Amino acid sequence: MMKNIKPIVADADAIKRAADLLRQGRLVAFPTETVYGLGADASNPDAVAAIFKAKGRPADHPLIVHIADIDSLYDWASTVPDAALKLANRFWPGPLAIILPKKPEVPLEVTGGQQTVGLRMPDHPVALALLKSFGGGVAAPSANRFCRISPTQASHVSEELGDAVDMILDGGACEVGVESTIIDLSGSKPRLLRPGHITRQQIEAVLQTELLMPLVSGAPAPEISEETRAPGMMAVHYAPTTPAMRCPAEQLPERIRQLIAEGKRIGLLTYQLDIAETGQIRVLHLPEQAANYAQSLYAALRELDNLQLDVILIELPPQTEPWRAVNDRLNKATALHL
Ligand code: TXA
Ligand code: MG
């Protein structure tokens, strides 16, 4: 039985100890405004390798380096184009990661062997205090096992990683709840790699140009070389272990009747529909506004996943721009069972 490290309240003393652990090459999970990260000293290849081991993540999946301020961009990126400065000035600290050409000294372990590096200044007091106290860049993927749901509370991290992490800083529930928007500025035109809380329109307004859209993994666009693909953008990701399916509201009652007739135990994630719970169906209601829905989504999926049900049904959210990040994550969570 795996022993679970208990989260500790992220006060000044705990943050100082966490920074010491990072300096020793150890792993520290910490809160950000998006999701909890599993951090290691980004300049230490052995420490970075420990992240991949703890997560069970393939080594070619690049990590985002978290930095304490905009100036630190120059420590990691070999060139910092105007567009990067514009975005950082407008959105940092915040839920936006920027991909830039890496400096030669940035370990390839961090970048999954690529010549680019992902950078982000998170908007969370604990993350920022930790980065400041540590004094360097912290490589941190989401603190979940590979292909599982990202943690949005400290308790999710201990459930998920057991004692594979040396310390878990508890900074409460994450406000954004889905991973950062990722924008690739290493090519000739800016490309959105992962939708998030900061929208395509917000970025286009700052850059005054239209963004190229995400590539589907395994199908690089003609103008893109194999090295610039985003390995983390695979179809199955963020998935619960219980089979999960999306279903439009108007088809839900019939679908539920069918599943109940088959004797299935159902978890239902709704935001609009009012469906009564019975012995066979557990219902969780999410907020009707996209940002609030996003904030609670992963905790709700995790709660349903822990009940060992036969199926999770998800009421299909609106297919509109404010819901892009939510729809992207739900596509991935249900990719195996459509
Ligand atoms: O909100 C977030 O970004 C959270 C918190 C902890 O900051 N982190 C996070 O990390 O979501 P992770 O590793 O779960 O996802 C980062 C994604 C990877 O899937 C990878 O595809 C992409 O960022 N990425 C990182 N560096 C890249 C690079 N050099 N080129 C292309 N994609 C990159
Ligand atoms: Mg992740």
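The values are calculated or read from the model by the stated rules, or taken from the named source; none is laboratory data. Keep in mind the model is a prediction, meaning the values are calculated, not measured. Cβ: placed from backbone, ideal geometry, glycine included. Neighbour counts: every protein chain shown.
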Point to revise | Failed criterion for Asp41 (all others in (1) surrounded by fewer than 17 Cβ atoms within 10 Å (Cβ to Cβ); (2) in contact with a Lys or Arg (Cβ under 9 Å, 6 or more places away or on another chain) hold) | key: (1)
Practice item. Pick out, from the stretch 122-224, the helices (runs of 4 or more DSSP H) lying fully within it that include 2 or more residues that are charged (D, E, K, R) and within 19 Å of Asn89 (Cβ to Cβ). Key: 200-207
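Taking the stretch 317-338, which residues are within 12 Å of Tyr271 (Cα to Cα) and surrounded by fewer than 19 Cβ atoms within 10 Å (Cβ to Cβ)?
Applying the first criterion (within 12 Å of Tyr271 (Cα to Cα)) to the stretch 317-338 yields 317-318.
Of everything in the stretch 317-338, just one residue is within 12 Å of Tyr271 (Cα to Cα) and surrounded by fewer than 19 Cβ atoms within 10 Å (Cβ to Cβ), namely Pro318.
Just to be sure before I move on: is Glu175 touching a residue at least 60 places away in the same chain (Cβ under 8 Å), crowded, with 21+ Cβ neighbours inside 10 Å and among the acidic types (Asp, Glu) in the structure I sent?
On the way: touching a residue at least 60 places away in the same chain (Cβ under 8 Å): yes; crowded, with 21+ Cβ neighbours inside 10 Å: no; among the acidic types (Asp, Glu): yes.
So Glu175 does not fit the description; no.
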Check your understanding: For the subset of the stretch 4-50 comprising residues that are within 20 Å of the chain's Cα centre (by Cα) and polar (S, T, N, Q), which member is farthest from ligand 2 (Cβ to nearest atom)?
Key -> Thr32
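Mind listing whichever residues of the stretch 315-338 are under 13 Å from Cys247 (Cβ atoms) and modelled with pLDDT under 95? If you could, list the steps in order and put the result at the bottom.
Taking the stretch 315-338 as the starting set, the residues that turn out to be under 13 Å from Cys247 (Cβ atoms) are 315-317, 330, 334, 337-338.
Across the stretch 315-338, the qualifying residues are Thr334, His337, Leu338.
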Exercise for review: Assess whether His197 counts as being buried (at least 23 other Cβ atoms within 10 Å of the Cβ), more than 12 Å from ligand 1 (Cβ to nearest atom) and assigned by TED's automatic domain parsing to the domain that holds Ser142.
Suggested key: no
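Residue-wise test of (1) at pLDDT below 95; (2) out of contact with any strand residue (DSSP E or B) (no Cβ under 8 Å at 6 or more places or on another chain); (3) loosely packed, with under 14 Cβ neighbours inside 10 Å; (4) not assigned by TED's automatic domain parsing to the domain that holds Gln114.
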residue	(1), (2), (3), (4)
Leu259	no, no, no, yes
Gly263	no, yes, yes, yes
Gln272	yes, no, yes, yes
Thr278	yes, yes, yes, yes
Ile281	no, no, no, yes
Leu313	no, no, no, yes
